[in-house]
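Undergrad: Below is a structure I'd like to ask you about.
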Amino acid sequence: MGTRDLEQARILEERFAEQADSGAAGEALTAIDEAIAIRRDDGSDDAEALNALANALYSRSLVLAATGQADEALVAITEATGIWRQVAEKDAALGMPNLALALTAMSDQQAAAGDDAAALAAVDEAVKIYTLLQDVVPEVAMLPTASALGGLATIRFRMGDEAGALEAMTEAVTTVRQLAANDPEPHRDPLAVALNNLATLQVRSGEIASAVVTLEEVASIVSTLADGDAETYRPVLETVLTNLEQARAHASTVVAS
């Protein structure tokens, strides 16, 4: 296959991105399907070519999932994940971050399909890869690590492993807190989100006193965010304060009994 064909694939992928961003899912899928067909016909097994094919399949999967075509989306993300495994064997620096990304997306789709066991295995592998990447590119890998840990916590909790869920979510908070300590401004929001997710698990696990402490920190962070962007964060703050009030009342009831 010639350079002209691969250039056409790149043009189609750019068209896909534009149409997906504008909400034209059908046209976006048509474009990415054409790009995938070209890249399959190319048949090259070098890392760059395989990475491009996996990227196209990953993109296709996201749009399919967003438009309710869950079965097709899972087929696409599963294939992308398999290809990125091949890429990682040929070029770890290129393949490993993308493999972790695909595993996280695949886990989300498997969980949505009700296959928690498969979702747990996928996100657990993603966490392990991201943890390794933190030693190499911490500034790039830490937030995705925290996100994957949050997914791991959710699935563990749903499967009845409350202790494991709290452990994973606490680790996610610790990871984001490290980022916020070094660079507060862009990481206040993700820290508040991680803490709020931890508080939710604490409440559901019956650890009400701990949830109160966590929500107090969430309220403090969101209050700071609201000072800079009231329109976005003031409603969030009101919700957090309501949750905090309810948790405090629950905690008082538990102590009284």
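Undergrad: Output the number of residues of the range 154-173 satisfying the condition of being touching an Asp or Glu at 6+ places or on another chain (Cβ under 8 Å) and under 19 Å from Ala102 (Cα atoms).
TA: Qualifying residue count, the range 154-173: 1.
Undergrad: Given Thr175, Thr170, which one is over 24 Å from Thr78 (Cα atoms), polar (S, T, N, Q) and surrounded by 20 or more Cβ atoms within 10 Å (Cβ to Cβ)?
TA: Thr175
Undergrad: So which residues in the range 11-26 are free of Cβ contacts under 8 Å to residues at least 12 places away in the same chain and in a helix (DSSP H, G or I)?
TA: Ile11, Glu14, Glu18, Asp21, Gly26
Undergrad: Any residue in the range 224-237 that is closer than 16 Å to Asn196 by Cα and modelled with pLDDT of 95 or more sitting within a Cβ distance under 7 Å of a residue that is among the acidic types (Asp, Glu) and surrounded by 11 or more Cβ atoms within 10 Å (Cβ to Cβ)? List the pairs, counting only those 6 or more apart or interchain.
TA: Matching pairs, first to second residue: Leu225/Asp189.
Undergrad: Yes or no: the range 69-80 includes at least one residue that is of a type in the set (Asp, Glu), modelled with pLDDT under 95 and not assigned by TED's automatic domain parsing to the domain that holds Asp161.
TA: No, that holds for no residue.
Undergrad: When only residues in the range 44-94 that are not in a helix (DSSP H, G or I) and not β-branched (Val, Ile, Thr) count, which is surrounded by the most Cβ atoms within 10 Å (Cβ to Cβ)?
TA: The selected residue is Gln69.
Undergrad: Could I ask something else about it? Consider Ala153 against the criteria (1) over 27 Å from Pro138 (Cα atoms); (2) part of a helix (DSSP H, G or I); (3) of a type outside the set (D, E, K, R): it satisfies all of them except one. Which criterion is unmet?
TA: (1)
Undergrad: Turning to a different aspect of this structure: For the range 186-224, give me each residue that is charged (D, E, K, R) and under 21 Å from the mean Cα position of the chain (by Cα).
TA: Listed by number, the residues that qualify are Arg188, Asp189.
Undergrad: Based on what the data block shows, is Ala102 in the same structural domain as Gln19 (by TED's automatic domain parsing) and more than 25 Å from Val176 (Cβ to Cβ)?
TA: Judged against the criteria, Ala102 is not a match.
Undergrad: Let me ask something additional. I'd like to know if the range 205-226 contains one or more residues that are out of contact with any helix residue (DSSP H, G or I) (no Cβ under 7 Å at 6 or more places or on another chain), of a type in the set (D, E, K, R) and surrounded by fewer than 17 Cβ atoms within 10 Å (Cβ to Cβ).
TA: no
Undergrad: Quick one: in the range 129-166, of everything that is charged (D, E, K, R) and closer than 20 Å to Ala181 by Cα, which residue is farthest from the chain's Cα centre (by Cα)?
TA: Looking at the filtered set, the residue picked out is Asp135.
Undergrad: With respect to Asp41, determine if the residue is over 22 Å from Ala113 (Cβ atoms), loosely packed, with under 14 Cβ neighbours inside 10 Å and touching a helix residue (DSSP H, G or I) at 6+ places or on another chain (Cβ under 6 Å).
TA: Criteria not met by Asp41.
Undergrad: Determine which member of the set Ala194, Ala181 is assigned to a helix (DSSP H, G or I), among the hydrophobic types (A, V, I, L, M, F, W, C) and in contact (Cβ under 8 Å) with a residue 40 or more places away in the chain.
TA: Of Ala194, Ala181, the one residue that is assigned to a helix (DSSP H, G or I), among the hydrophobic types (A, V, I, L, M, F, W, C) and in contact (Cβ under 8 Å) with a residue 40 or more places away in the chain is Ala194.
The values are calculated or read from the model by the stated rules, or taken from the named source; none is laboratory data. Quick caveat, the model's predicted, so the values are computed rather than measured. With ideal geometry, Cβ positions are generated from the backbone for all residues, glycine too; neighbour counts draw on all protein chains shown.
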